[in-house]
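Q: Take a look at the following structure, please.
Derivation of every value follows stated rules applied to the coordinates shown; laboratory data play no part. Only a predicted model underlies this, so the values are computations on that prediction, with no experimental measurement involved. Cβ sites come from the backbone with ideal geometry, for glycine too, and all protein chains shown count toward neighbours.
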Amino acid sequence: MADIQDIPVQRIDGQPATLGDFKGKVLLVVNVASKCGLTPQYEGLEALYRNKRAAGLEVLGFPANDFKGQEPGSDAEIASFCSTKYDVSFPMFSKIVVTGADKHPLYAALTQAQPEARNSEGMRKNLQGYGITPNPAPEVLWNFEKFVLARDGSVAARFSPDTKPDDPALLAVLDAELSR
């Protein structure tokens with residue numbers, strides 16, 4: 001399998017990129033959506049980015065329409081939504097697929113490297129309560145699942161979608177990686 005940092009991705013403006021463009025940084029990779037109950041996490045993700053960017057954190061948003069059609073927009077519509085509604089300044093990427101047979105190679109590599117999200121049982125029960133059958137591990141559970149990549153590009157941790165950007169466990173992992 002290719003190094004996660006070498007997998008081609010595309011910025012939301014259409015420019016080619018890789019995670020290697022952020023080499024030496026700690027990355028928080030999040031699959032995002034604009035019509036989800038968790039969408040307000042954009043605000044917390046932006047605050048986290050602004051607070052820890054100088055220390056070497058990059059938050060990377062990857063829109064995905066995998067869950068109940070909660071990201072139906074085009075890249076331009078998503079970029080406009082993020083900018084106007086949440087003043088997002090962290091890097092955003094083109095919409096991708098994060099589950100199933102058509103899963104983007106980036107998410108195939110992320111989920112292979114870290115097959116289970118921390119504290120996902122509560123989220124699984126919540127989804128079941130809404131009549132939704134949760135994806136089995138290692139698949140991404142829902143919008144706003146979070147992968148922490150260390151400065152060397154390895155996957156350090158994976159957090160459940162309902163883990164807020166200011167969650168102490170997430171902050172502890174980020175701070176530990178940023179201090180290396």
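Q: Say we look at segment 1-29 and pick out the residues that are in contact with an Asp or Glu (Cβ under 7 Å, 6 or more places away or on another chain) and under 24 Å from Asp66 (Cα atoms); which of these is surrounded by the fewest Cβ atoms within 10 Å (Cβ to Cβ)?
A: In this case the residue turns out to be Thr18.
Q: Further, regarding this structure: Among the residues of segment 4-16, is there at least one that is in a loop (DSSP other than H, G, I, E, B) and of a type in the set (Gly, Ala, Ser)? Give the derivation first.
A: Narrowing segment 4-16 to residues in a loop (DSSP other than H, G, I, E, B): 7-8, 12-15.
Restricting the remaining residues to those that are of a type in the set (Gly, Ala, Ser) gives 14.
Scanning segment 4-16, I find at least one residue that is in a loop (DSSP other than H, G, I, E, B) and of a type in the set (Gly, Ala, Ser), so the answer is yes.
Q: Filter segment 75-100 down to the residues that are farther than 10 Å from Pro63 by Cβ and either in contact with a helix residue (DSSP H, G or I) (Cβ under 9 Å, 6 or more places away or on another chain) or outside any helix (DSSP H, G or I) (or both) and list them by number.
A: Lys85, Tyr86, Asp87, Val88, Ser89, Phe90, Pro91, Val97, Thr99, Gly100
Q: Taking the condition in contact with a helix residue (DSSP H, G or I) (Cβ under 8 Å, 6 or more places away or on another chain), touching a residue at least 12 places away in the same chain (Cβ under 8 Å), of a type in the set (Asp, Glu) and part of a loop (DSSP other than H, G, I, E, B), does Glu46 pass?
A: In short, no.
Q: Enumerate the pairs (first residue in segment 118-130 and at negative phi; second residue anywhere and of a type in the set (S, T, N, Q) and surrounded by 17 or more Cβ atoms within 10 Å (Cβ to Cβ)) with beta-carbon separation below 6 Å, excluding pairs fewer than 6 apart on the same chain, so at least 6 apart or on different chains.
A: Ser120/Ser160; Met123/Ser160
Q: For Val59, are the conditions met, namely being within 25 Å of Thr99 (Cα to Cα), without any contact (Cβ under 8 Å) to a residue 40 or more places away in the chain, in a strand (DSSP E or B) and touching a strand residue (DSSP E or B) at 6+ places or on another chain (Cβ under 7 Å)?
A: So Val59 passes the test.
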